[in-house]
Every structure is written in C-alpha cells, then in structure tokens.
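What follows is one structure encoded as structure tokens, with my remarks underneath.
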Amino acid sequence: MSIIDELKWRGAVNQQTDEAGLAELVNEKKVGLYAGIDPTGDSMHIGHLIPFMILKRFQLAGHRPYIVIGGATGSIGDPSGKKSERVLQTMDQVRHNQECLTKQMEHLFGQDGSFKIVNNYDWLSKLSLLDFLRDYGKLFNVNTMLNKEIVASRLEVGISYTEFTYQILQSIDFLHLYQHEDVQLQIGGADQWGNITSGIDLIHRQEGADAKVYGLTIPLLLKADGTKFGKSEGGNVWLDPEKTSPYDFYQFWINTDDRDVVKFLKYFTFLDQAEIDRLAEAVATHPEKREAQKRLAEEVTEFVHGKDAVVEAQHITKALFSGDVAALTASEIEQGFKNMPSVTVTSAKQGIVEWLVDTTKIESSRRQAREDVTNGAIRINGEKVTDTDAEIDPSAAFDGKFVIVRRGKKRYFLARVSD
C-alpha cells in the first residue's frame, strides 16, 4: 500500500491538487514535504497534532518532512477560522513560543536527521516592502485573493491589510522551500486549501507551469455528535504536560465514544490495518471491554509523552478504580486528583472527627462523621478507619504533601498539606 493509499484508508485525505501526479511522485522518489504552525501559543493541542501525524507517516515511509515554525507569519496573524483580527504578540512572546514548539516537534519527530525544522522568519524578515510588492505583490490578483474562503469569510466583518497578505507570505514559504530544499508537497487542514493553492500558483509563475508541486489537505475531524474534535469539557487538550497532565491526556482518549474510536485509531496511531480491523471487531462484539479505547490511549500517550507516562497513567487509573491509592506517588496524586474536590490543611495532627468536620468540611456534622467512620465508609490514604478516636497525621504519607480521603465507594477528596 502506498503512503497516499494508506492516508485514504485512514480517512485522512480531503483534497489533492493533482491526485495522479502526486501518486506518481511519491512512488518514484523520496519526497520533501512540509506543514507549518504559527507560534501563537507555547504548546500544541491535539487539534494541531492532526497534520503532523500525516507528516510523521511520511517520515516513517522514508520521505523528508519539513516543519515550518511561523516566526514571521505568527507575528502578524492568520485570518483562517477567525471572526476578528488576532491580537498581535510581542516578538519576545513569539520567540518564546517558537522555542517551546520546536522542543515539542523534536520530541515527536526525533533528532536523527530524518526531518528538519525551519523558521520562516529567516527568509521573510529579509524582504523589504519594495521587494515584497515588486517581486510578489505583482503576481497576486486581488480578485482571486478575495475569493479564497479564508478571506471571503471575513469580508462582512472586515479584514486588515496585514492579515489579507498572510496568504502571500505563506505562498512565499512554499516557493522558498521548493527552491532551497526541494520541497514539493504541502500538507494542511481543510481550511488551508486557499493558502496551499496560492503557493502552488506562485511557484508555477516563478518556476514554470511544469514545476511538480502539490497540495494535500486533511478533512475537518468531527466527532460522532457533530462537534469539532480537539477539546474536552475542561477546554483544550494540550501536549505540554504542565497544561494537560499525561494522566488527563490518557483519560481523554480512554473516554472516546465507541462511535469515534476506530476513526481515531486510524488518525492518531501507527497501528496497521489488520490490528485496527481487529479492534473494530472488538468494539462491535464486546464494547464493554473498551479494548480499542485502551489501545488508543496507550498509543497516543506513548507517542506524545513516552512509555513511562503510559505506565504512570495506567497506575493512577488502576489505583482510583480499586481504591488502592496508598501505592501512588505524590506526583501521581497531583495528576490523578487534580480535578477532584480539594482543601488545604496544616501538618498538625488532629482527631479524625474534628478533622473531617472542622478542618476539611468533608463531613457536615460530628454526628455524621462518627456514623460514617463507625460504618467503615471513610478511608484515609487507602486505609479504612473505623475508630472515632483515631488521629489524622497529614505528614504521615505521600512525602507529607497530601491526605486522600474516600467517603463511600467513589467520592474522593484531596487535602493538600501546607508548609
């Protein structure tokens, strides 16, 4: 199966500028291709990951991926998908974001020389205004630019000249990479079709109509309920472990709807067709086992965060399900209990009834606290406590940082111990 055929099987092809020509090209040589990302933030989220999964597949097939960090384009703003002008970032912010995104890309693609990260600031910043207008502005027809979807969608509310020129700058990127790196294919989301075709048109005007350059876009990924993929109830799911912990990242994929899991396996894992077909059968015959979701979570979490993060996430999941929280580390507690009810306490020892009522407010009254303790409904750090005269020592476990309380079978509370 060729790389293009594989992408089609995975449902990852929306449009191609020349389907037959691209199929012939990838079969005859190792192709240079690129996708870009503007440093508008200091981390990618999983929505950003989609085109770079395609780039990674090309890398694994032996082709030459290039990642363009938009140090220049990111400083002015992409109009795509926005109803209003972007707020311009300072150049210090842009540079910081560039560094963060570069580290994430190096983690995803490795450092073995089989891919290259470039920054369009390196060539676009050298253009004078007169050079820009004479060498490139003359080659773009305003009427054509106005008809591009990313611009047309903004005409009612208005668009600045700065954002209007974005497609010219992105076109120059493609031309530069074609001339200097032998890059012949640009990958992007469905909303990038107009920018991609503008780049191809520019190359044909500059290099001749027989220049072999192509574009491929990826479909907008929608969930079975019709909503756009990429967010959880808490907002974006980030690749930065400080923004979305590996445990929360793992849980996002574990909670995938049965109707979406096979699609996501095709998009976000490198499992082959036979294995995904097997998992699809498992979804159809034994959905309650959630085998496909577990495999999806394992594969994507390992790709983004590494094998150790998968083991840690599974350890937290198992502990929360079984109630065996004593086996958790302080770091694992920080991840697994981040979204659970919490309270700050001191390290002072205290009787359990007073601690549950006065200090943490977990129990509404002393009578209720004594009743729950006597009935075995209270566990402290995984251990059942039935003695109403027992004492809580907040410094006794988890490096003296936490006390975990379970009331009943499922209700957890986290007490953070202050210094």
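The values are calculated or read from the model by the stated rules, or taken from the named source; none is laboratory data. Fair warning: this is a prediction, and the values are worked out from it, not measured in the lab. Note: ideal-geometry Cβ built from the backbone for every residue, glycine included; neighbour counts use all protein chains shown. To get the accessible areas, we keep the full protein, side chains included, count just its heavy atoms, and leave off ligands, DNA and RNA. Shrake-Rupley method; radii C 1.70, N 1.55, O 1.52, S 1.80 Å.
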Taking only pairs six or more apart or across chains, which ones have beta-carbon atoms under 8 Å, a first residue in region 266-295 that is acidic (Asp, Glu), and a second residue that is part of a helix (DSSP H, G or I) and open to solvent by less than 50 Å² (accessible area, probe 1.4 Å)? Glu291/Leu279; Glu291/Ala282; Glu291/Val283
Here is a check on your reading of the model: is Gln179 in a helix (DSSP H, G or I), out of contact with any Pro (no Cβ under 6 Å at 6 or more places or on another chain) and crowded, with 20+ Cβ neighbours inside 10 Å? no
On the basis of being under 20 Å from Ala397 (Cα atoms) and open to solvent by 10 Å² or more (accessible area, probe 1.4 Å), does Ala284 make the cut? no
Answer yes or no as to whether Glu332 is closer than 30 Å to Leu101 by Cβ, in contact with an Asp or Glu (Cβ under 9 Å, 6 or more places away or on another chain) and not aromatic (Phe, Trp, Tyr). yes
List the number of the failed condition for Arg95; all other conditions in (1) within 20 Å of the chain's Cα centre (by Cα); (2) part of a helix (DSSP H, G or I) hold. (1)
Of everything in region 182-193, what is in a helix (DSSP H, G or I) and surrounded by 19 or more Cβ atoms within 10 Å (Cβ to Cβ)? Give them in sequence order. Gln192, Trp193
For region 135-161, pairs from a residue that is touching a residue at least 60 places away in the same chain (Cβ under 8 Å) to a residue that is part of a loop (DSSP other than H, G, I, E, B) and among the β-branched types (Val, Ile, Thr), with Cβ under 8 Å and 6 or more apart or across chains, are Val151/Ile159
Just for region 400-414: of the residues that are of a type in the set (A, V, I, L, M) and farther than 13 Å from Ala369 by Cα, which one is surrounded by the fewest Cβ atoms within 10 Å (Cβ to Cβ)? Leu414
Any helices (runs of 4 or more DSSP H) falling wholly within region 210-308 and containing at least 1 residues that are more than 19 Å from Gly336 (Cβ to Cβ): 258-268, 273-285, 291-305
Within region 303-337, can you find the residues that are open to solvent by 60 Å² or more (accessible area, probe 1.4 Å) and among the aliphatic types (A, V, I, L, M)? Val311
Being farther than 30 Å from Ser2 by Cβ and touching a residue at least 24 places away in the same chain (Cβ under 8 Å) is the filter; apply it to region 296-318 and report the residue that is nearest to the chain's Cα centre (by Cα). His305
Exactly one of Thr40, Thr90 is free of Cβ contacts under 8 Å to residues at least 40 places away in the same chain, of a type in the set (S, T, N, Q) and out of contact with any strand residue (DSSP E or B) (no Cβ under 6 Å at 6 or more places or on another chain), and that one is Thr90
If we keep only residues of region 261-281 that are out of contact with any Ser or Thr (no Cβ under 9 Å at 6 or more places or on another chain), open to solvent by less than 40 Å² (accessible area, probe 1.4 Å) and aromatic (Phe, Trp, Tyr), then the residue farthest from Gln104 (Cα to Cα) is Tyr267
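Let's see how each residue does on (1) more than 21 Å from Lys243 (Cβ to Cβ); (2) open to solvent by 40 Å² or more (accessible area, probe 1.4 Å):
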| residue | (1), (2) |
| --- | --- |
| Pro39 | no, no |
| Ile46 | no, no |
| Ile50 | no, no |
| Arg57 | yes, no |
| Arg64 | yes, yes |
| Pro79 | yes, no |
| Asp92 | no, yes |
